Amino acid sequence: MKYICEICGYVYDPAVGDPDGGIPAGTAFENIPDDWVCPICGVGKSDFKPE
């Protein structure tokens, strides 16, 4: 399931991950470390909602 940042609209896609943020492809949103932040606007996981 994809998650979207409610602040800037960035979409986290588990199939892609966030390689620049150290999150490998195939990582479910629930398994991302709690200190991860949106690579676009810098907000935390709590500002993401299922797409």
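Go through (1) under 10 Å from the mean Cα position of the chain (by Cα); (2) open to solvent by 50 Å² or more (accessible area, probe 1.4 Å); (3) free of Cβ contacts under 8 Å to residues at least 12 places away in the same chain and name the single condition P39 misses.
(3)
May I ask you to list the residues in the stretch 17-32 that are farther than 11 Å from E51 by Cβ, under 10 Å from the mean Cα position of the chain (by Cα) and either of a type in the set (A, V, I, L, M, F, W, C) or open to solvent by less than 80 Å² (accessible area, probe 1.4 Å) (or both)?
The answer is G17, D18, G21, I23, T27, A28, I32.
The values are calculated or read from the model by the stated rules, or taken from the named source; none is laboratory data. The structure displayed is predicted, hence computed values, not measured ones. Ideal geometry is used to build each Cβ from the backbone, glycine not excepted, and the neighbour counts take in all protein chains shown. Quick note on the areas: whole protein, heavy atoms, side chains included, nothing else; ligands and nucleic acids left out. Shrake-Rupley method; radii C 1.70, N 1.55, O 1.52, S 1.80 Å.
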